[in-house]
Amino acid sequence: MNKKGISSEELAAMNPKEFRSLIRRGEWTESTIMACRGFQQANLAVVPKDYAFEFFLFCHRNPRPCPVIDVTEPGDPHPKLVAPEADLRTDLPRYRVFQDGKVIAEPTDVKDYWRDDLVGFVIGCSVSFDWALRDAKIRFRFPGAYTTNVQCVPAGRFHGPMCVSARLMKSSYDAVRVVQISSRHLLSHGPPVHIGDPSLIGIKDLCHPDMFTTGPIAPQEPGEIAMFWGCGITPQTVALESNIPFMITHRGGHMFVTDKLSEELAIL
């Protein structure tokens, strides 16, 4: 039971429209990770039309951290391909607003920041395939998301390091199975981008994620295998690194829940 009085079972059983309504009414501002079992969750990046093409090109050149599943028309907050009745201004529990490379706000809606020239990019999220991992009885834990020393391929004004999410697998069998399953979900970041020593990609301490965490993290246990996936928090590090004049994103762990099942977007 979370502090909103909703059990984990009730949260998982909600349909996306019901869950988004809860968010829109201001009744849910926590993480979405365990919400709406089986449905595709997504990261968000919103930029002005003037440099939307540059951002689209950045995503095209960096599909592992930034797999695009929908793009809105300028000024239109409704992602018509994945959730036409949803509103990107209100239907995420927490946002981040960037101005000139700095975070200026973390509101629960962005109606006051929305403009007629803004283009929304809905970017796949790896928590979507975690339901498939659980169904396959894969044993893992999810410590959070980290900034790496791996540089993305730049596009126009957009450049910066890739972020990754980590999962610690209990055995080599679990590690093999998770590669097989996640490889089907290319729009949820696909297979891992790194396996093994986190220091090789610039992560010094798995117990202290710098971009998002679900809570206190126990040290890596003997036999656990560290695996890392591209993460849709990457546009946030890019906004900071590139001094982007204006961008709206989700706050880490507070994703947009689409109307699509993750299996609908998976490779058969």
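The values are calculated or read from the model by the stated rules, or taken from the named source; none is laboratory data. Keep in mind that what you see is a predicted model, and the values were worked out from it rather than measured. Cβ placement follows ideal geometry from the backbone for every residue including glycine, while neighbour counts extend to all protein chains displayed.
General observations
- Considering residues of the stretch 136-156 that are under 14 Å from ARG61 (Cβ atoms) and touching a residue at least 60 places away in the same chain (Cβ under 8 Å) only, the residue surrounded by the most Cβ atoms within 10 Å (Cβ to Cβ): CYS152
- For the residues ILE123, ILE138, the requirement of being within 23 Å of ILE201 (Cβ to Cβ) and assigned to a loop (DSSP other than H, G, I, E, B) singles out ILE138.
- Residue within the stretch 222-239 that is assigned by TED's automatic domain parsing to the domain that holds GLY196, free of Cβ contacts under 8 Å to residues at least 24 places away in the same chain and not in a helix (DSSP H, G or I) present: yes
- Here LEU92 meets each of (1) in a helix (DSSP H, G or I); (2) buried (at least 20 other Cβ atoms within 10 Å of the Cβ) with one exception, condition (1).
- Contact map, the stretch 52-67: first residue buried (at least 18 other Cβ atoms within 10 Å of the Cβ), second residue among the hydroxyl-bearing types (Ser, Thr, Tyr), Cβ cut-off under 8 Å, separation 6 or more or different chains; pairs are ASN62/THR234; PRO65/THR234; CYS66/THR234; PRO67/SER188.
- Filter pass, GLY230 being touching a Phe, Trp or Tyr at 6+ places or on another chain (Cβ under 8 Å) and under 30 Å from GLU54 (Cα atoms): no
- Across the stretch 39-50, the number of residues qualifying as buried (at least 20 other Cβ atoms within 10 Å of the Cβ) and not hydrophobic (A, V, I, L, M, F, W, C) comes to 3.
- Qualifying residue in the stretch 207-223 (condition: over 10 Å from GLY144 (Cβ atoms) and surrounded by 21 or more Cβ atoms within 10 Å (Cβ to Cβ)): no
- Some residue of the stretch 189-211 being among the polar types (S, T, N, Q), under 15 Å from the mean Cα position of the chain (by Cα) and outside the structural domain of ASP100 (by TED's automatic domain parsing): no
- Of the listed requirements (1) outside any loop (DSSP other than H, G, I, E, B); (2) farther than 29 Å from VAL110 by Cα, ILE203 misses just one: (1).
- Residue satisfying all of: in the stretch 179-200; hydrophobic (A, V, I, L, M, F, W, C) and part of a helix (DSSP H, G or I); surrounded by the most Cβ atoms within 10 Å (Cβ to Cβ) among these: LEU187
- GLY215 within 20 Å of the chain's Cα centre (by Cα), touching a residue at least 60 places away in the same chain (Cβ under 8 Å) and outside any strand (DSSP E or B): no
- Residues of the stretch 164-178 classified as touching a residue at least 24 places away in the same chain (Cβ under 8 Å) and assigned to a helix (DSSP H, G or I), total: 5
- Candidates PRO65, PRO79, filtered to the one that is within 19 Å of GLN236 (Cα to Cα) and part of a loop (DSSP other than H, G, I, E, B): PRO65
- Residue match in the stretch 157-178 (condition: modelled with pLDDT of 95 or more, surrounded by fewer than 20 Cβ atoms within 10 Å (Cβ to Cβ), closer than 17 Å to SER262 by Cβ and out of contact with any Phe, Trp or Tyr (no Cβ under 8 Å at 6 or more places or on another chain)): yes
- Considering the stretch 104-132, the residues that are β-branched (Val, Ile, Thr) and in contact (Cβ under 8 Å) with a residue 12 or more places away in the chain include one that is surrounded by the fewest Cβ atoms within 10 Å (Cβ to Cβ), namely THR108.
- Checking each residue in the stretch 18-49 for being under 22 Å from ASP130 (Cα atoms) and part of a loop (DSSP other than H, G, I, E, B) picks out TRP28, THR29, GLU30, SER31, THR32, ILE33, MET34, ALA35, CYS36, ARG37, GLY38.
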